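Undergrad: I am attaching a structure below and will ask some questions about it afterwards.
The values are calculated or read from the model by the stated rules, or taken from the named source; none is laboratory data. Here the structure is a predicted model, which means the values were calculated and not measured. In this analysis, Cβ positions are derived from the backbone assuming ideal geometry, glycine residues included, and neighbour counts consider all displayed protein chains. Side chains are part of the model used for accessible areas, which takes the heavy atoms of the whole protein and leaves out ligands, DNA and RNA. Shrake-Rupley method; radii C 1.70, N 1.55, O 1.52, S 1.80 Å.
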Amino acid sequence: MNIVVCMKQVPDTTEVKIDPATGTLIREGIPSIINPDDKSGLEAALALKDSAGARVTVLSMGPPQADVALREALAMGADEAILLSDRAFGGADTWATSSTIAAALRKLPFDLVICGRQAIDGDTAQVGPQIAEHLGLPQVSYVSELSLEAGQKSVVVKRVFEDGYQRIRVKLPCLLTALRDMNSPRYMSVSGAFEAYGKQIKVWGLADLGLDPQSIGLKGSPTRVKQSFTKGAKSAGKVYELDAKEGAKLIVDRLKEKFII
Amino acid sequence: MDFQIDKEHRLLSQLFRDFAQNEVKPLAKEVDEEERFPAETLSKMARYGFMGIPFPKEYGGSGGDNLAYVMAVEELSKVCGTTGVILSAHSSLCAAPIYENGTEEQKRKYLVPLASGQKLGAFGLTEPNAGTDAAGQQTVAEDKGGYYLLNGSKLFITNAGPAEVYVVMAMTDKSKGTKGISAFILEKGMKGFSIGKKEEKMGIRGSSTCELIFENVEVPAENLLGKLGGGFGLAMRTLDGGRIGIAAQALGIAQGAIDETVAYVKERRQFGKPLSAFQNTQFQLADMQTRVDAARMLVYRAAASKDAKLPYNVEAAMAKLFASETAMEVTTKAVQLHGGYGYTREYPVERMMRDAKITEIYEGTSEVQRMVVSAAMLK
């Protein structure tokens, strides 16, 4: 069984700062990590490898520095890593990103593709589902549990919503998007970390994927960021300890003070 | 000359830091206050290969090196001095002498379970009347043909109790002085081998420090480690390696205290501004970090020397001397910068100060390290 895990290297902070001039993320000085949802997706793949046997390939699109995230994945137990990196891929929106990743997946054998639900820097949750659409794969998003059925022809997953869940059987090959609550990802092993730099990471560029330059990167991106800004800090607020009736009165009074009601 | 950490070791350092922060730090206060041995942490450490970092994979190890090992002890000790010394004593004082002196059979039987973390190791040299004067051994091993009969006791043995494998020194020929000391591998459960009183300590309180008692213990002849009469040299070489581990523990404790202090002085306000805005705070922190960075270079140099198979005993002595005295000084300053809160159990710096003190004492006191360093200068 071949599993491909798509992952993104992201800045290690939920307090992402945006450059007001360019509208892009400021990455300098912020340590990078594997996006948490993706890391849980990787753990799910490695758990399947442990229990049922599988070859796990990690796939990432990003600048050459994303190499270290792939090394970490190898040190956790992934068998192979591929980095999609080319200047032509830069500035991609979710559509151009998913087109690029789908092109790479067409070159790879897979029974299961696992993506994280969304990245903590962009928060779109679009790339995984778009990849499935490009490849015509069945997809289940918001997966919190995954088990492989006997015969390895299908998986059963738990799809979580705010107010309930679905249990879905889906035939392989398919694409899942994983939630970070799905599991606690393992650490790298000491020997894995020692050996991670001895392994070859394939780097595929535009020429390797045979894509039209107009369909990828900034040129292939139908969405453009018009404006980005960092939210102003909220004041600390006040805490009152009152019973329900007094509390309601206080809220009404304050809203009246501010001419809201 | 290259002062940069290579990328493999950067990745390893990230692993050790993540593990220490997520798995070890949350338990540190409880482990100290309840004098509780953190067995659950050790099984996790075993899973990821922490218990045999510098040993080859064929012997159950992780195939790494001593630099990686000291980084592990450093990161663990940043948040919990107890966990740091458990790994150090296991790895440097028990697994290492078996790896370096053991026969192939001994390595298969004892190193494999130690390095893979199935079993914990300990080392017995110190006795009630033989501390720094290690030559004054009173534990005796009598050759009975086919086995040795061990009688005596050992004191202050780190990991004693939970450990299942013990490297123990005993006199095989009293007439020869230090040349009459030999090393043996003992297993927990051998008839006549028992664990005595557990010490109540000032610091590293979660580590198990006990007496070992030998009453007519029959140790098979094949458990002689190294040459007959070679035990003193084996113990001294083992301690040279152990000092690198303790130096790393001291380094970690010191850096951990600085990390706590930096966070505290940014939060704590006096006279309308954070403590970090006062020049006294700034200068103290600068001195603390400068000393700790110097200690780190000495510790890494000693580990790298061992990895390069160069002599490292003076480097190890310097590293331990400087790192342990730095740990004591830095943790004391950290408590001072925390003020009254620093003296309470609410903040971890008082624990770090208590943990730091032992690093100036065990595996060769600071005075012994000065003897080692000056002896090499004056020979």
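Undergrad: With a cut-off of 8 Å between alpha carbons and a minimum separation of six or more residues, what is the relative contact order of region A:2-215 in percent?
TA: Working: 433 pairs, mean separation 56.6, N = 214.
Relative contact order here is 26 percent.
Undergrad: For region B:64-69, what does the Karplus curve 6.51 cos²θ - 1.76 cosθ + 1.60, with θ = phi - 60°, yield as ³J(HN,Hα) per residue in whole Hz, taken in order and with x for Gly and Pro?
TA: 3J(HN,Hα) across region B:64-69, in whole Hz: x, 9, 6, 5, 4, 4.
Undergrad: While we're looking at this one, here's another question. How do A:82-95, B:58-71, A:182-195, A:138-151 rank on mean C-beta neighbours within 10 Å, highest first? Display every interim value, and only then the final one.
TA: Details: A:82-95: 19.4, B:58-71: 24.1, A:182-195: 21.4, A:138-151: 16.5.
The packing order, highest mean first, is B:58-71, A:182-195, A:82-95, A:138-151.
Undergrad: For a quick protection proxy, order the peptides A:220-226, B:369-375 by their average other-Cβ count within 10 Å, most packed first.
TA: On the way: A:220-226: 12.1, B:369-375: 16.1.
Going by the mean number of other Cβ atoms within 10 Å, highest first, we get B:369-375, A:220-226.
Undergrad: Here's something else I'd like to know. Between region A:222-261 and region B:11-46, what's the alpha-carbon centroid distance in Å?
TA: The distance from the Cα centre of region A:222-261 to that of region B:11-46 comes to 41 Å.
Undergrad: How would B:Arg351, A:Arg117 line up by accessible area, probe 1.4 Å, largest first? Intermediate values should be presented prior to the final figure.
TA: On the way: B:Arg351 25, A:Arg117 70 Å².
Per-residue accessible area, sorted high to low, gives A:Arg117, B:Arg351.
Undergrad: If you don't mind, another one. Grab the other residues whose beta carbon is less than 14 angstrom from that of A:Val127, score K and R as +1, D and E as -1, and report the net.
TA: Working: positive: A:Lys8, A:Arg117; negative: A:Asp37, A:Asp38, A:Asp93, A:Asp121, A:Asp123, A:Glu133.
Charge balance near A:Val127 sits at -4.
Undergrad: Roughly how big is region B:1-133's charge dipole about its Cα centre, with Cβ charges of +1 (Lys, Arg) and -1 (Asp, Glu), in debye to the nearest 20?
TA: On the way: 14 positive and 20 negative charges, 91 e Å.
Once rounded to the nearest 20, the dipole reads 440 debye.
Undergrad: Within a 10 angstrom radius of each residue's Cβ in B:63-74, how many Cβ atoms of other chains show up on average? Whole number is fine.
TA: Values: counts 4, 5, 1, 0, 0, 3, 1, 0, 0, 1, 0, 0.
Mean partner shielding for this stretch: 1.
Undergrad: Accessible surface of A:Lys202 in the full protein assembly, 1.4 angstrom probe, to the nearest 10 Å²?
TA: In the full protein context, A:Lys202 sits at about 90 Å².
Undergrad: Residue by residue through region B:141-148, which ³J(HN,Hα) values in whole Hz follow from phi under the Karplus form 6.51 cos²θ - 1.76 cosθ + 1.60 (θ = phi - 60°), with glycine and proline marked x?
TA: Residue by residue, region B:141-148 yields 10, 9, 6, 10, x, x, 8, 10 Hz.
Undergrad: Let me ask another. If you find the alpha carbon centre of region A:122-170 and of region B:329-349, how far apart are they in angstrom?
TA: 50 Å
Undergrad: Would you work out the relative contact order for chain B, in percent, from Cα pairs under 8 angstrom that are 6 or more residues apart?
TA: Details: 773 pairs, mean separation 62.6, N = 379.
Relative contact order comes out at 17 percent.
Undergrad: While we're on this one: If you average 1/r over all unlike Cα pairs in chain B and invert the result, what Kirkwood radius do you get in angstrom?
TA: Values: mean 1/r = 0.0477 Å⁻¹.
After inverting the mean inverse Cα-Cα distance, the result is 21.0 Å.
Undergrad: Can you list residues whose amide H is under 5 Å from A:Ala178's amide H, if they're 5+ apart or on another chain and H is modeled 1.01 Å from N?
TA: A:Cys115, A:Gly116, A:Arg117, A:Val143
Undergrad: While we're here: Rounded to a whole number of µm²/s, how large is the Stokes-Einstein D of region A:111-206 at 25 °C and 0.890 mPa s, given Rh as the Kirkwood radius over C-alpha pairs?
TA: Numbers: Rh = 15.3 Å.
Rounded, D is 160 µm²/s.
Undergrad: For peptide B:1-13, how many partner chain Cβ atoms fall within 10 Å of a residue's Cβ, on average? Before the final figure, lay out each step's value.
TA: Numbers: counts 0, 0, 0, 0, 0, 1, 5, 8, 2, 4, 11, 7, 1.
That works out to 3 on average.
Undergrad: Suppose we compare each residue of region A:57-77 in its chain alone and in the full protein complex with a 1.4 Å probe; which ones drop by at least 50 Å² of accessible area?
TA: Relative to the lone chain, where solvent access is computed with a 1.4 Å probe, region A:57-77 loses at least 50 Å² at no residue.
Undergrad: Applying a 10 Å radius around every beta-carbon, put B:155-167, B:86-98, A:28-40, B:247-259 in order of their mean neighbour count, most first.
TA: Numbers: B:155-167: 23.2, B:86-98: 28.4, A:28-40: 19.8, B:247-259: 30.8.
The most tightly packed comes first, giving B:247-259, B:86-98, B:155-167, A:28-40.
Undergrad: What is the interface area between chains B and A, defined as buried accessible area summed over both chains with a 1.4 Å probe, reported in Å² to the nearest 100?
TA: Details: alone 16570 and 15060 Å², together 30050 Å².
For chain B against chain A, roughly 1600 Å² becomes buried.
Undergrad: What does the charge count near B:Glu218 come to, summing +1 for each Lys or Arg and -1 for each Asp or Glu among other residues with Cβ under 14 Å from its Cβ? Before the final figure, lay out the partial values.
TA: On the way: positive: B:Lys144, B:Lys191; negative: B:Glu142, B:Asp143, B:Glu187, B:Glu215, B:Glu222.
Local charge sum for B:Glu218: -3.
Undergrad: Oh, and also: Taking the solvent-accessible surface of protein heavy atoms with a 1.4 Å probe, what is the per residue accessible area of region A:2-215 in Å²? It would help to have the intermediate numbers written out before the result.
TA: On the way: 9600 Å² over 214 residues.
Here the per-residue accessible area is 45 Å².
Undergrad: Distance between Cα centroids, region B:254-308 to region B:146-171: provide it in whole Å.
TA: The two parts, judged by their Cα centres, are 39 Å apart.
Undergrad: If you don't mind, there's one more thing I want to ask. With runs of 4+ DSSP H residues as the only contributors, calculate the mean residue ellipticity of the protein assembly as shown at 222 nm using -39,500 (n - 2.57) per run, divided by the residue total and rounded to the nearest 500.
TA: Values: 19 runs with 253 residues, N = 640.
Only helices count here, giving -12500 deg cm²/dmol.
Undergrad: Go through B:Val373, B:His90, B:Pro220 and say which Cα lies farthest out towards the positive end of the charge dipole of chain B; charges sit on Cβ, +1 for Lys and Arg, -1 for Asp and Glu.
TA: The residue sitting farthest along the positive end of the dipole is B:Val373.
Undergrad: A further question follows. What shape does the protein assembly as shown take by its C-alpha gyration tensor, where a ≥ b ≥ c are the square roots of the eigenvalues and a/c under 1.5 counts as rounded, a/b above b/c as prolate, and the rest as oblate? Show your work: numbers first, answer last.
TA: Details: a/c = 2.18, a/b = 1.57, b/c = 1.38.
Taking the square roots of the gyration eigenvalues as a ≥ b ≥ c, the protein assembly as shown is prolate.
Undergrad: Something else: Mind listing the phi-derived Karplus ³J(HN,Hα) values for region B:213-218, rounded to whole Hz, using 6.51, -1.76 and 1.60 with θ = phi - 60°, and x for any glycine or proline?
TA: So the J values, rounded to whole Hz, are 10, 10, 10, 6, 7, 8.
Undergrad: Now a separate question. Report, to the nearest whole %, how much of the accessible area of region A:2-215 belongs to carbon and sulfur atoms, 1.4 Å probe, protein only.
TA: Details: 4630 of 9600 Å².
Solvent-exposed carbon and sulfur of region A:2-215 make up 48 percent of the total.
Undergrad: Still on this model: For a quick check: with amide H placed at 1.01 Å from N, whose amide H comes under 5 Å from B:Glu127's, ignoring anything fewer than 5 positions away on the same chain?
TA: B:Leu155
Undergrad: Okay, moving on. How many times 2.2 N^0.38 Å is the alpha carbon radius of gyration of region A:2-215? Could the numbers behind the result be given before it?
TA: On the way: Rg = 16.5 Å, N = 214, 2.2 N^0.38 = 16.9 Å.
For region A:2-215, the normalised Cα radius of gyration comes out at 0.98.
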